[in-house]
Amino acid sequence: MKVQGTPDAKPARMATRSVEKELLELENAYWRALRDGDVDAAMRLTDDPCIVTGAQGVGRVGKQALAAMLKSPTWTLHAFELLDHAQVRLLGDDVAIVAYNVHEELTVDGKPVALDAADASTWVRRDGRWVCALHTEAIAGDPYGRDRRAAAS
């Protein structure tokens, strides 16, 4: 029974699911742009600047620097798969987080590499379109690094 004056939550849930689906598709589109070497698509999907974190540390990457990196990469992404159980959280109408596990197959410095990682992106809506403002990647494994070689003394 609907109480008069109470908003119906069903349209809101449907709208949220639609935005979640759109954001997951944008995340996949970003990966496809990287795989296909589509610099223009990657640029359209990236905020300026974008913060990136991973095993190499933290960086703030402007569009000019990003374009240069994508035009002359030291790696080639051959295949990727965003695995099941992606999480999307809307923090407001114009900010959302997308987190997921990913499998990647690459060539890095001429050598094949396959890896699994946990990634997260923060998307913001600017001028009516979503762009990635933050991306993080953590290579899967022991959280204390015990599955990696010991550092040289």
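The values are calculated or read from the model by the stated rules, or taken from the named source; none is laboratory data. Given the structure is predicted, the values throughout are model-derived calculations rather than measurements. Every residue, glycine as well, gets a Cβ built from its backbone with ideal geometry; the counts of neighbours run over all protein chains shown.
List the strands (runs of 3 or more DSSP E) inside region 5-113, counting only whole elements, that have at least 3 residues being surrounded by 11 or more Cβ atoms within 10 Å (Cβ to Cβ) and in contact with a Gly (Cβ under 9 Å, 6 or more places away or on another chain).
On the way: elements: 46-54, 57-61, 75-82, 87-90, 95-108.
Hits in region 5-113: 46-54.
Only one of these is at pLDDT below 95 and not hydroxyl-bearing (S, T, Y): R146, R89, R126. Name it. Reasoning before the result, please.
On the way: R89 fails: at pLDDT below 95; R126 fails: at pLDDT below 95.
Being at pLDDT below 95 and not hydroxyl-bearing (S, T, Y) holds for just one of R146, R89, R126, which is R146.
Identify the residue in region 114-137 that is farther than 20 Å from P49 by Cα and surrounded by 14 or more Cβ atoms within 10 Å (Cβ to Cβ) and, among all such residues, is nearest to the chain's Cα centre (by Cα).
So the first thing to find is which residues in region 114-137 are farther than 20 Å from P49 by Cα, and the list is 114-118.
In the following step, the residues that additionally are surrounded by 14 or more Cβ atoms within 10 Å (Cβ to Cβ) were identified as 115, 117-118.
Values: L115: 16, A117: 11, A118: 10 Å.
Result: A118.
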